Protein chains: 2
Amino acid sequence: MSSKIFISAREVADRAGVSRSAVSRTFTPGASVSDETRRRVLEAAEELGYHVNHLARGLMRNESGIVCLIVSDVATPYRSALLRELTLQLQNSGKVAMLINTDRSDGSVDRALRQAIRYRADASVILSGLPDKSITQLCLRNGQRLVLINRDDDQPGPLRINLDDYESAGRIATAFLRAGCRRLAFANSEAGTPSLMGRERGFVAAAASMGMDVVVERHGQTGYEAGKVLAQRMLTRSERPDAVFCATDLLACGFMDAARHQFGISIPNQLCVAGFDDIEQASWSSYELTTFAQPVASIAAKAVEWLSMTQLEDSAAEVPSIRLRAELVWRNSIRGG
Amino acid sequence: MSSKIFISAREVADRAGVSRSAVSRTFTPGASVSDETRRRVLEAAEELGYHVNHLARGLMRNESGIVCLIVSDVATPYRSALLRELTLQLQNSGKVAMLINTDRSDGSVDRALRQAIRYRADASVILSGLPDKSITQLCLRNGQRLVLINRDDDQPGPLRINLDDYESAGRIATAFLRAGCRRLAFANSEAGTPSLMGRERGFVAAAASMGMDVVVERHGQTGYEAGKVLAQRMLTRSERPDAVFCATDLLACGFMDAARHQFGISIPNQLCVAGFDDIEQASWSSYELTTFAQPVASIAAKAVEWLSMTQLEDSAAEVPSIRLRAELVWRNSIRGG
DNA sequence: GCAAGCTTTGCACACGCTTGCAAAGCGGAC
DNA sequence: GTCCGCTTTGCAAGCGTGTGCAAAGCTTGC
């Protein structure tokens, strides 16, 4: 009872009194059809409710128009913001996004990429996790383009888009010093991804170069609750820090909430806080968090632009890699803006 | 340089020394293949890195395995949470999600559905906006199943999943009264969707039945900033409300922030607040918002379950419609929990 | 050894589309 | 009228699958 109610080019052709090729060409940009034929085809198509079958088209052209977005924790503010930009810009460039959710389990990303291969996706964008090298190769061999966002990896082939985590972290250290802070701390998660570790190392290094130590704590995954726990650990130390850089805005929100509501600490008077990502909540009055903005729009733009390049530079060893700058958004969680 | 590097069943068959049908059957659950043949096929497939081409399979079976999720404002907490549940549960039931972003413009949803038809999606789930009746019919005629989440609409055919917005709103009115509040207010957006309006009407009606008036204000879209604006309007009235029900948690967050930081109002002592959705931020210490939880997991489960039904009850006029209950999550923004 | 029944296998067609190729149509220059 | 060049059109060959059908193979019971 279900199917076979699809209208095919054959029926449109019959109704319009032209050949089936004419129909096909009408819907193929740049193909050679006379105005009169096109008009009749479009009219017939409209009447019948015809829509080109992209499965069949993809089969012929070896090009499905599908781009896989591989991501875990979609419901997280930063992730969902990036997702939004990517889907929007992909749509604008005539592609369509297939969303595959991964968990933290091993092989989760690999399974996602296999799915991408099955649907003959033109490309996959990986926002979380890292694929096994063999799978990466399999994808590339299948003519699938790969984009890694904020995943540091040295495999050649995929486009890599990264931020200047290390340098940014250095800038915030300077800002803390200028605000008169002397006991610096860094709050991190245990996820250990390259971007998070980059921020940590950059912060510690910059502080060291100014002759200061940094208390580093890591806990849990990168979320609000982890931030609270980190605050509890750090703010009960005998030498309480007077400035903390949180690897993530979510951590920072948790940290601030614990600091204020459990310890009665005033921010930024007694404690300066900075974060990273510039999620929407960072601008809410309860936080007014000074943070680094992920340039999500630019990230998406760069990715889509690369995916839309028809001719890939075959200068083989040409490993594409893009580095974007995270802008510091100055708010009110550090003294003396 | 690009394509034609795909491995097809043909090559696997040759390598395994069997017919192409044998390969096809090996990857078709429930088909008849001897263990020995299956083993050899799987081995050859593994060596060659073969993956069934789902475009071709979809073409044959008239069943792509694709489910379109049509949604605007993906980056919003409630939306992204629902999205997360849907993609996860779809994956678990062997489907794959295609994400289409709509804006508020007219025809945006229709365009999305046309895209769904082109990819011969098995189904579409609509989280935002409403399609034109003619497009709905077109989808149904194409054997595509439709799910409308929190969109009230009386077209027969699509599965409709809704909450008990009206009744929930009534319950919160009672809670406000019990907390001793006497000057009730309702903060809404101008979006005017049935669920938002249902909450408004339910609240006003319940208050009226207890002999109380409700000050209603509507502004902007359903976001944090709108909540702040609404607070500014309502809290500068001569008769300042002592309880406000916000149509959405995001509105509530904005409202609370403005109330506290701009007006120095203490919550819940001077003002009781309630929201709807139970987004993650509602549980943050800065808000501790009493709110109704959208049963996102159940919503997704119901949708996926219906989509997985092989036989649709053909008792034609059988219009499927599901009503779920939003549970009240009691926190600290109303006196006397 | 043979018939019957069941499982496994291969053939060939269909799905809806694109596109190279050659034929057809058209207009203009001579 | 003829020839040339250009645009438009139709034919037909694929793209990688699934599956009905009939043949083949195997097992069992006599």
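The values are calculated or read from the model by the stated rules, or taken from the named source; none is laboratory data. Just so it is clear, the model here is predicted, and its values are computed rather than measured. Using ideal geometry, Cβ is built from the backbone for each residue, glycine included, and neighbour counts are taken over all protein chains shown. Side chains are part of the model used for accessible areas, which takes the heavy atoms of the whole protein and leaves out ligands, DNA and RNA. Shrake-Rupley method; radii C 1.70, N 1.55, O 1.52, S 1.80 Å.
Could you calculate the contour length gain from A:V216 to A:T174, that is, 0.36 nm times the residue separation minus the distance between their Cα atoms, to one decimal place in nm? Working shown, then result.
On the way: separation 42, 0.36 × 42 = 15.12 nm, distance 1.73 nm.
Length gained between A:V216 and A:T174: 13.4 nm.
Using a 1.4 Å probe and counting only protein heavy atoms, arrange A:M60, B:M234 so the residue with the most accessible area comes first. Don't skip to the end; give the middle numbers.
Numbers: A:M60 160, B:M234 0 Å².
So, going from the largest accessible area down, we get A:M60, B:M234.
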When the dipole is taken about the Cα centre of chain A, and only Lys, Arg (+1) and Asp, Glu (-1) are charged at their Cβ, what size is it in debye, to the nearest 20?
300 debye
So how tilted is helix A:165-178 from the main axis of chain A? Cα-based, degrees 0 to 90, rounded to 10.
30 degrees
Just to be sure I understand: of the beta bridges DSSP finds with both ends in the protein assembly as shown, what percent are antiparallel, rounded to 5?
10 percent
With every protein chain left in place, what is the accessible area of B:K228 in Å² (1.4 Å probe, nearest 10)?
30 Å²
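Would you please give the FRET efficiency between A:A205 and A:D103, computed as 1/(1 + (r/R0)^6) with r the Cβ-Cβ distance and R0 = 35 Å, to the nearest 0.05? Please list the in-between numbers first.
On the way: r = 33 Å, r/R0 = 0.95.
Between A:A205 and A:D103 the formula returns 0.60.
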Which whole-Hz couplings ³J(HN,Hα) result when phi for each residue of region A:232-247 is put into the Karplus expression 6.51 cos²θ - 1.76 cosθ + 1.60, θ = phi - 60°, listed in order with x for Gly and Pro?
4, 5, 6, 7, 9, 5, 4, 9, 6, x, 10, 7, 9, 9, 9, 5
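With an 8 Å Cα cut-off and a minimum separation of 6 or more residues, compute the relative contact order for chain B in percent. Please report the intermediate quantities before stating the final value.
Values: 599 pairs, mean separation 46.3, N = 337.
After rounding, I find 14 percent.
How much accessible area is lost when chains B and A come together, counting both sides, with a 1.4 Å probe, in Å² rounded to the nearest 100?
Values: alone 16880 and 16900 Å², together 27910 Å².
Buried surface at the B/A interface: approximately 5900 Å².
Determine the percent antiparallel among the DSSP beta bridges restricted to region A:1-159, to the nearest 5.
On the way: 0 of 15 bridges.
Taking every DSSP beta bridge within region A:1-159, about 0 percent pair in antiparallel fashion.
Taking GluC sites (Glu not before Pro) that fall in a DSSP loop and have at most 13 other Cβ atoms within 10 Å as cut points, what is the longest piece of chain B between them?
Values: sites that count: B:E190, B:E239, B:E313, B:E318.
Excluding the exposed sites themselves, the longest stretch runs over B:1-189.
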Quick one: which residues, 5+ away or cross-chain, put their amide H under 5 Å from the amide H of B:A123? H built at 1.01 Å from N.
B:C68, B:R145
Once you have a ≥ b ≥ c as the square roots of the Cα gyration tensor eigenvalues for the protein assembly as shown, tell me rounded if a/c is under 1.5, and otherwise prolate or oblate according to whether a/b is larger than b/c.
oblate
Long-range HN-HN contacts of B:R160 with modeled amide H, under 5 Å
B:L148, B:S321, B:I322
What whole-number distance in Å separates the alpha-carbon centres of region A:243-311 and region B:146-163?
37 Å
Excluding ligands, DNA and RNA, what is the solvent-accessible area per residue of the protein assembly as shown at a probe of 1.4 Å, expressed in Å²?
41 Å²
Distance cut-off 30 Å, Cα to Cα: go down the list A:K95/A:K228; A:K228/A:K302; A:K302/B:K133; B:K133/B:K228; A:K228/B:K228; A:K95/B:K228 and report the pairs above it.
A:K95/A:K228; A:K228/A:K302; A:K302/B:K133; B:K133/B:K228; A:K95/B:K228
Comparing A:S34, A:S105, A:S64, which has the greatest mean-square fluctuation in the GNM of chain A with Cα pairs linked when under 10 Å apart?
A:S34
Solvent-accessible ranking of A:D73, A:D277, largest area first, probe 1.4 Å
A:D73, A:D277
Treating the point 7 Å from Cα along Cα-beta-carbon as the label, what are the nm separations from A:E63 to the other copies, to one decimal?
3.2
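Can you send over the carbon and sulfur percentage of the accessible area for the protein assembly as shown, probe radius 1.4 Å, protein chains only?
Values: 12950 of 27910 Å².
Its accessible area is 46 percent carbon and sulfur atoms.
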With each run of n ≥ 4 DSSP H residues scored as -39500 (n - 2.57), what mean residue ellipticity at 222 nm is computed for chain A after dividing by its residue count and rounding to the nearest 500 deg cm²/dmol?
-13000 deg cm²/dmol
Output, in nm with one decimal and in ascending order, the distances from the A:E167 label point to the matching label points of the other copies (7 Å from Cα along Cα-to-Cβ).
5.9
Computed over chain B: longest principal axis from alpha-carbon atoms vs helix B:77-92 long axis, angle to nearest 10 degrees, is 30 degrees
Can you tell me the 0 to 90 degree angle between the C-alpha axis of helix A:194-209 and the longest principal axis of chain A, rounded to 10?
30 degrees
Compute the length gained on full extension between A:T236 and A:S283: take 0.36 nm times their separation in residues and subtract their Cα-Cα distance, giving the result in nm to one decimal.
14.2 nm
Counting only protein heavy atoms and leaving out ligands, DNA and RNA, the solvent-accessible surface of B:V216 at a 1.4 Å probe, in Å² to the nearest 10, equals 50 Å²
Per-residue Cβ counts within 10 Å, from other chains only, averaged over B:71-79: what number is that?
5
Out of all DSSP beta bridges in chain A, what portion is antiparallel? Express it as a percent rounded to 5.
10 percent
Taking chain A as a Gaussian network, Cα atoms linked when under 10 Å apart, which of A:A45, A:A252, A:A81 shows the biggest mean-square fluctuation?
A:A45
Projected label distance in nm at A:A56 and A:S34, using a 7 Å step from Cα toward the beta-carbon:
2.5 nm
For chain B, built as a Gaussian network whose Cα springs stay under 10 Å, the top-fluctuating residue of B:V41, B:V125, B:V204
B:V41
